[in-house]
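Asker: Take this structure, written in structure tokens, and hold onto it; I'll ask about it next.
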């Protein structure tokens, strides 16, 4: 996935489930504060979950299972008003 994804601040939803994508989760997905949905399940993303996602107050749905992520889940994700986190 492109590292620059989200840098323009207009991204609202991202669903790339079941696409065999690989790489790191881009750092700027929530730039602009409009990002609501992150669905990355069943790919080959690796590395840590960006800390900034835990500070993304607009985020409502997160599905990131079945990847090769490592590290800790940003504590802020547990404090967001998520409607769904899997």
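Just so it is clear, none of the values below were taken in a lab; they were calculated from the coordinates. Predicted model, so just to flag it, every value in this text is computed and none were measured. Ideal geometry is used to build each Cβ from the backbone, glycine not excepted, and the neighbour counts take in all protein chains shown.
Asker: For the modelled label position 7 Å from the Cα of residue 13 along Cα-to-Cβ, which residues of the range 24-62 have backbone nitrogen atoms closer than 20 Å?
Answerer: Under 20 Å, as judged by backbone N against the label point of residue 13, lie 26, 29-43, 56-62 of the range 24-62.
Asker: Per-residue counts of other Cβ atoms within 10 Å, averaged by peptide: what ranking do you get for 25-35, 4-14, highest first?
Answerer: Output ranking for 25-35, 4-14: 25-35, 4-14.
Asker: Another question about this same structure. Could you tell me the relative contact order of the range 13-85? Use alpha-carbon pairs under 8 Å, at least six residues apart, and round to a whole percent.
Answerer: RCO, the range 13-85: 32 percent.
Asker: Here's another thing I want to ask about it. How big is the Rg/Rh ratio for the range 1-50, C-alpha atoms only, Rh by Kirkwood, two decimals?
Answerer: 0.94
Asker: If you average 1/r over every pair of different alpha-carbon atoms in the range 13-85 and take one over that average, what Kirkwood value in Å do you get?
Answerer: Value: 12.1 Å, from the Cα pair sum.
Asker: Pop the C-beta distance of residue 3 and residue 34 into the FRET formula with R0 = 25 Å and round what comes out to the nearest 0.05.
Answerer: 0.80
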